[in-house]
Each structure stands twice: as structure tokens, then as C-alpha cells.
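Written below as C-alpha cells is the structure these notes are about.
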Amino acid sequence: MEITERQKQILSQIIEEYAETASPVGSVTMAKLFGVSPATVRAEMARLEALGLVAQPHTSAGRVPTDAGYRFYVNNLVENKDEVEPALERGTHALEVRVSSQSRADAAIRGAVDSLVELTGNLGLATIDGQLYLSGISRLFTQPEFVDTRRVQAVAKLLDNLEPWLREAAPGEPLNIFIGQENPIGKNSEVSLIISKFRSPFSDRSYIGVLGPTRQNYSRVMALVRRAGNMLEEVL
């Protein structure tokens, strides 16, 4: 895929802006950020759309990322970020305090999940002794995507099948990211599943992670889930 450096920067900005506002991102906003004309940005957005990385929900609207756009971002752009957000540092510290204060393995895992819910606004999940622990369903459904009852039903169906799928698929990487249509279950639920594998007293294949709308701050959420998995493995 041929994509210029400026197009990568514009794609990153669209994804990050959309994560914050949940509104399509327009060319005027991008033009101010990049110091170029709106016409130049529109041309770059048209190229990104032709590549399938962004879409225009309706005429005259700005652009929103597609599943392919998020995948390109996760694979190529997230790891290139040099800055460490102060919010991420605070979140990591809060996670560490909560996990290290627990004396039992199951309580430590639940504490890590509850922290992820508070820090990301997503639904948190973990496997504990063969059972799936879920927390934050109400937090997840307060996000703007879920005013659509069809999407709520799709997510509920996905959650009904999540435990057997995790058991069967046993994702093998330390950090696994399934975006939108990539989800092997609930393909139409328009959510992303970010999970980390870790060793616990219960299993060598325990999992912790979050499930949320495809619109989210992947850089921060991936870092928090990765840290949660590493921390539980160290503590337990």
C-alpha cells in the first residue's frame, strides 16, 4: 500500500480526533493542524478513502476511520509514537497500586480488570480459574455508539459466545487485537477486542483485556492492557 508520510499523519489525526469526539473529522480541522489549505487536506482524505482507510458517512460530512484504517494504524503507527502521555503514566501507576495491594490471585485479577474499566471506559474481562469475569457492561453501553439498540444486541450476542471462543482459539500472542469485522464472533458488532495472555496460578493461558467500540484510543488502551498482563504475570 503506497501512502505518504503526510497521509499517515492525517490518518493518525483522524483516528485520534474521532476517538475523542465520536464525530466525523472535517478538512477544515485538519487544515488548521497541518498548516495547509482545506483543499489540500480534502485531496489527501480522498486518497485515504480510495485506499479504504477512511470513509465518508454522508455527503458533506468529514471522514471516519474504517476497520482497515484502524488496522493500519495499529500495525504501523501506534508503535512509532515517542511521547508517553501523562494520563497513561497515571493510569499505569493506579493499575500497579490496585494489583499489588491484593493478597489473592483472583482478587488481583479482578482488581486489574476493574482498573481497566475505569481507565478506558470499555468493558473489562479476564479468565479466572476457567471462568470468565466481566466488569463494566454499563460503562460500555454509555458510549455514544450504543444508542443504536441493534449494536447493543450484537455485543450481547458476542459476549454470550466469548468464553467458549477464548477457550477454543486461545490467542497466542502476548497482545492480541481484533478490530471490528476481524472479530471471529460478532463480526457485525463494530467493536474491538484487545486482550493480553499471561501465566497465572490458574492457567498458563489466562487472559485479560477490554472490549469496546472500534472508536477508541488504541495507543493508550493497548499499552494499559499489555501492562496489566505483564504486571499480573510478575505479581502472581
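Just so it is clear, none of the values below were taken in a lab; they were calculated from the coordinates. Not measured: the values here are computed from a predicted model. Please note: Cβ atoms are built from the backbone with ideal geometry, for glycine as well, and neighbour counts cover all protein chains shown.
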Taking only Cα atoms, what is the 0 to 90° angle, nearest 10, from helix 5-21's long axis to the longest principal axis of the chain?
60
What's the angle, to the nearest 10 degrees (0 to 90), between helix 105-120's Cα axis and the longest principal axis of the chain?
20
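Using 0.36 nm times the number of residues separating T59 and R139, minus their current alpha carbon distance, what extension gain do you get? Working shown, then result.
Numbers: separation 80, 0.36 × 80 = 28.80 nm, distance 3.21 nm.
Extra length from T59 to R139 when fully extended: 25.6 nm.
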If I model a spin label as a point 7 Å beyond the Cα along the Cα-Cβ vector, how far apart are those points for E89 and Q102 in nm?
2.7
Note: Q13 to N230 extended length (0.36 nm per residue) minus current alpha-carbon separation gives 75.2 nm
Report the label-to-label distance for T149 and K32 in nanometres (one decimal), using points 7 Å from each Cα along the Cα→Cβ vector.
3.9
Residue farthest toward the positive end of the dipole of region 115-236, with Cβ of Lys/Arg at +1 and Asp/Glu at -1: which of S115, Q216, S206?
Q216
I'd like the orientation of helix 218-235 relative to the chain: the angle between its Cα long axis and the longest Cα principal axis, in ° from 0 to 90, rounded to 10.
20
For Rg and Dmax of the Cα atoms in Å, pick the label among (1) 18.6, 64; (2) 18.5, 59; (3) 16.9, 50 that corresponds to the value derived from the coordinates.
(2)
Mean Cβ neighbour count within 10 Å, used as a protection proxy, ranking 112-124, 141-153, 47-59, 64-76 highest first
112-124, 64-76, 47-59, 141-153
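About the Cα centre, and with charges only on the beta carbon of Lys, Arg (+1) and Asp, Glu (-1), how big is the dipole of the chain? Nearest 20 debye, please.
Details: 25 positive and 29 negative charges, 62 e Å.
Approximately 300 debye in magnitude.
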